[in-house]
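The values are calculated or read from the model by the stated rules, or taken from the named source; none is laboratory data. None of the values given here were measured: they were computed from a predicted structure. Cβ coordinates were reconstructed from backbone atoms using ideal geometry, including for glycine residues, and neighbour counts include every protein chain displayed. For the accessible areas, the whole protein counts, side chains as well, though only heavy atoms, and no ligand, DNA or RNA atoms are used. Shrake-Rupley method; radii C 1.70, N 1.55, O 1.52, S 1.80 Å.
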There are 2 protein chains.
Amino acid sequence: MKKKTSIHDIAKQLNVSSTTVSFVLNGKAEENRISKELQYKVLEYVKKVGYQPNQLAKSLRTGKSMILCMLVEDISDPFFSSISRIVETKAFEHGYKIFFASTENDTEKTKALIRVFRERQVDGYIIAPPPGIEEELQDLLHEKVPVIQFDRFLPEVKTTNVIIDNLGGAYSAVQHLQENGYQQIGFVTLESKQTQMQDRLNGYLKAIKEKKQKKVVLKVPYRNPNESTQEKVRLFLQDNPAMDALLFATNYLAIDGLVAIASLKLNIPGNIAVVGFDDNTHFSLFSPPITAVAQPVLKIAEEVVVQLMNKIKSSGKNPRKEENILLPTQLIVRKSSLAVPGKKLNARLENIKNESISS
Amino acid sequence: MKKKTSIHDIAKQLNVSSTTVSFVLNGKAEENRISKELQYKVLEYVKKVGYQPNQLAKSLRTGKSMILCMLVEDISDPFFSSISRIVETKAFEHGYKIFFASTENDTEKTKALIRVFRERQVDGYIIAPPPGIEEELQDLLHEKVPVIQFDRFLPEVKTTNVIIDNLGGAYSAVQHLQENGYQQIGFVTLESKQTQMQDRLNGYLKAIKEKKQKKVVLKVPYRNPNESTQEKVRLFLQDNPAMDALLFATNYLAIDGLVAIASLKLNIPGNIAVVGFDDNTHFSLFSPPITAVAQPVLKIAEEVVVQLMNKIKSSGKNPRKEENILLPTQLIVRKSSLAVPGKKLNARLENIKNESISS
DNA sequence: AATATTTGCTAAATCCATTTAGCTATCTAT
DNA sequence: ATAGATAGCTAAATGGATTTAGCAAATATT
């Protein structure tokens, strides 16, 4: 690489000091009484040679890297990637670049990631935390580095959190199924103690208890392979023949669940109604289209950036108190959860019988 | 923020020079004859106080930022986000972090992005280029900064490119439809001169010409709103009543096309067969499942990283010659493109008649 | 005319690490 | 006894910016 021009090169060429050039380039010319002519001369020359200040040097001196870091479970997950996309754009408008990384919900991997980004003097963290990184986040807070948790949060760590109304979302989904005449609603979720999962479970339980229905819950281990999840859902359906509706706690659980339902040749919603948590661009194209609890992706992303920028600005000053920003979900009703007119109880049992006769 | 400990603080505490500490920490202790005891002492202390070297200072001095930048059209697109995910992981294994950014296929935005990342002394670029940034890439090459183009490429810029066999992929898709008895196969693509789009068109044309079939092409403008694309496909279907199959050139065109087909109440593949370019996790769940030309996402990502690492390593030495790495596609055959036994020509016309009677 | 103020600019310190060149003390060989 | 080699370490330069403190000349004030 040929050597790049530095501020000193500029200064030398113009027979001024690098201080002057720096003042001009950083809008501090007036307060330092640099004459208009000289300002003009510097700007002209800088433009002419296409000088670009070295941000590394700048950051080293100022202590601001103008870099944020965003840690999500998996940047290829549609939910996280669409949020990332918006966060990237918004942050860029504020002059910030972003390191994206996938935690895989792995505690050790995430600790390593945080270590690396701390070395890089990252100015702020946006994180959907895996369990067990309380200490690392606390360390960041001690160093007065702004941290926002989103999607889920570690309650022990006092940060501003941007989350959705998981409880309300699950509650409204179950309620919707109940209103459409479903009487035994199953809930397929993850074996996870994370806040968002707990809240979704609680929302489900609340609605079930209110109507005095039977609670039917399947918990799938976290890093379960797809086929195994599908098998578990299949068994779950077979073990609970009276179950006439299913609420899936995540996007990918819903996908696996749909595969399982398809493999049992069950009819949606005739034999089993389906609602997913977290909407998907393609749910409307499935047949039947799948009802889902939509998360306000745009709002989440915007809020995350707004909150982080606030923190960065007010850093050093007396910090405003931390708060949980709770955003509403929206139930998108599609065919998969509609009432089935004249539906008999145990429609599925009959279907299974018919299936075995016809096959 | 409380001041972090620097290498000088370490040195002072141990009553040695910072040179010594640096040697020990960078594995250069032996070649500089630092005694074993001192090495041990330094490492112990560093561990004890949890010292983390400032990467900014390190990068400033060494000229290596250990940061890559990956520019794709849209990081929330499933194709790009899954590649990004893998690239992120692989690059991390080599000690590199990545700035991801979305070009939106916008020339000016991309120029601005490149400018910003150059200021940051990024060590290498992975880019799915929008049109019109030949000069910027050339500038990077002049500065001996490694650049890899992928997915598509600007032929004027001599870089190593990782691309898939777009021509072969489209060709095999059409051939597959022909073998299943489809006689008038339409191609829905973008108004785009980019290499990947041109090659897909050429693959389509080649197969059509070989069988002397009628060429039926719909070109949708680039940033067309979804509804408008759907409307265009609807008209395309209505204007070509004898068309019995459709090949879509991209993922999102296929989605819009499926919406259009559904809105016309057409049966797949009875009235119209469908093949998409670029497979999607959900295509197998559509009804019917959608046949697609799958891109080797994992291979693309791996190859991109391997090639970039090679370039970074051999930087300065006589560069190996640039090459196009062409990866094969795979046709995933599903129900949407299967032969329809006893299918009459113009089955769709009849269907449309029946529809209007029954409704 | 002497002093105070303002204008216009710069020297040098600083951020934190790496790296070159070299210094001293000890040991070896003659 | 003396040159030469080696072991063990360090001073100082360097990378490229920002920023504090301050200098010299021009202008204003009394």
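Summary table
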item: Protein-protein interface of segment B:68-104, residues with accessible area decrease of at least 50 Å², isolated chain reference, 1.4 Å probe; result: B:Ile75, B:Ser76, B:Arg85, B:Glu88, B:Phe92, B:Lys97, B:Phe99, B:Phe100
item: Using a 7 Å Cα-to-Cβ projection, A:Asn202 label spacings across copies, nm, ascending; result: 6.0
item: Relative contact order of chain A, pairs being alpha-carbon contacts under 8 Å that are 6 or more residues apart, as %; result: 16
item: GNM top mover of A:Asp199, A:Asp139, A:Asp106 - chain A, alpha-carbon springs below 10 Å; result: A:Asp139
item: For the protein assembly as shown, share of DSSP beta bridges that run antiparallel, in % to the nearest 5; result: 10
item: Positive dipole terminus of chain B, leading residue within B:Thr107, B:Phe23, B:Ser228 (C-beta point charges); result: B:Phe23
item: Computed over segment B:76-234: relative contact order in percent, which uses C-alpha pairs under 8 Å that are six or more apart; result: 15
item: Calculated over segment B:159-312: convex hull of Cα atoms, volume per residue (Å³); result: 120
item: When the convex hull of its Cα atoms is projected in every direction, mean area for the protein assembly as shown (nm²); result: 38.4
item: Between segment B:293-317 and segment B:174-201, the Cα center-to-center distance that results, in Å; result: 28
item: Hits among aspartates and glutamates - C-alpha to C-alpha of A:Lys335 under 17 Å, sequence gap 8 or more where chains match; result: A:Glu179, A:Asp244, A:Asp278, A:Asp279
item: Estimated D of segment A:230-321 in µm² per second, where Rh is the Kirkwood radius over Cα pairs and Stokes-Einstein applies at 20 °C, 1.002 mPa s; result: 137
item: Distance between segment A:329-343 and segment B:60-79 - C-alpha centres, whole angstrom; result: 44
item: Cα-Cα separations in segment A:114-220 greater than 20 Å, expressed as whole percent; result: 50
item: Shielded residues, segment A:29-65 - accessible-area loss of 50 Å² or more between chain alone and all protein chains, probe 1.4 Å; result: A:Gln52, A:Gln55, A:Leu56, A:Leu60
item: Solvent exposure ordering (accessible area, 1.4 Å, most first) of A:Tyr222, A:Tyr171, B:Tyr40; result: B:Tyr40, A:Tyr222, A:Tyr171
item: For A:Gly124, residues with placed amide H under 5 Å, excluding near neighbours; result: A:Cys69
item: For segment A:157-202, alpha-carbon Rg over 2.2 N^0.38 Å; result: 1.38
item: Chain B - mean residue ellipticity at 222 nm from DSSP helices (-39,500 (n - 2.57) per run, n ≥ 4, rounded to 500); result: -14000 deg cm²/dmol
item: Inter-copy label distances at B:Ser228 (7 Å, Cα→Cβ; nm, one decimal); result: 4.9
item: Those GluC sites (Glu not before Pro) in segment B:152-254 that DSSP places in a loop and that have at most 15 other beta carbons within 10 Å; result: B:Glu156, B:Glu191
item: Sites A:Gln39 and B:Lys212 - FRET efficiency at Förster radius 45 Å, r taken between beta-carbons, to 0.05; result: 0.05
item: Within a Gaussian network of chain B (alpha carbon springs, distance under 10 Å), most fluctuating of B:Val217, B:Val16, B:Val145; result: B:Val16
item: Among B:Ile34, B:Ile268, B:Ile98, residue whose mean-square fluctuation peaks in a GNM of chain B (springs only between Cα atoms under 10 Å); result: B:Ile34
item: Candidates per trypsin sites (Lys or Arg not before Pro) in segment B:1-83, loop by DSSP, up to 10 other Cβ within 10 Å; result: B:Lys2, B:Lys3, B:Arg33
item: ³J(HN,Hα) computed for each position of segment A:22-39 - Karplus, 6.51 cos²θ - 1.76 cosθ + 1.60, integer Hz, glycine/proline x; result: 4, 4, 4, 5, 9, x, 10, 5, 4, 5, 10, 6, 8, 5, 4, 4, 5, 3
item: Net dipole in debye of the protein assembly as shown [+1 Lys, Arg Cβ; -1 Asp, Glu Cβ; about Cα centre; nearest 20]; result: 1200
item: J(HN,Hα) series, segment B:64-73, from Karplus relation 6.51 cos²θ - 1.76 cosθ + 1.60, nearest Hz, glycine and proline x; result: 10, 8, 6, 10, 10, 9, 10, 10, 10, 5
item: Pairwise FRET efficiency - B:Ser287 versus A:Glu93, Cβ, R0 = 51 Å, nearest 0.05; result: 0.75
item: Among A:Ser336, A:Gly63, B:Val216 - extreme Cα towards positive end, dipole of the protein assembly as shown, charges at beta-carbon; result: A:Gly63
item: Segment B:221-251: trypsin sites (Lys or Arg not before Pro) in DSSP loop, at most 12 other beta carbons within 10 Å; result: B:Arg223
item: Inter-centroid distance (Cα atoms) of segment A:215-239 relative to segment A:146-165, Å; result: 29
item: Given B:Lys109/B:Lys321; A:Lys48/B:Lys144; A:Lys193/B:Lys4; A:Lys47/A:Lys90, the pairs whose alpha carbons are separated by over 24 Å; result: B:Lys109/B:Lys321; A:Lys193/B:Lys4; A:Lys47/A:Lys90
item: Evaluated at q = 0.18, 0.25, 0.28 Å⁻¹: base-10 log I(q)/I(0), Debye formula over Cα of segment A:95-145; result: -0.54, -1.06, -1.30
item: Nearest-first distances (nm) between copies at B:Lys28, label 7 Å from Cα via Cβ; result: 3.2
item: Å³ per residue enclosed by the Cα convex hull of segment B:188-234; result: 64
item: Where Rh is the Kirkwood radius over Cα pairs, Rg/Rh for segment A:7-53; result: 0.91
item: Isotropic mean projected area of the C-alpha convex hull, segment A:62-158 (nm²); result: 5.8
item: Degrees, to the nearest 10: A:347-358 long Cα axis against longest axis of chain A; result: 70
item: With every protein chain in place, chain A: carbon and sulfur % of accessible area (1.4 Å); result: 52
item: For chain A: Kirkwood Rh in Å [reciprocal of mean 1/r, alpha carbons]; result: 23.6
item: DSSP beta bridges in segment B:55-156 [antiparallel fraction, %, rounded to 5]; result: 0
item: DSSP bridge orientation in chain A - percent antiparallel, rounded to nearest 5; result: 10
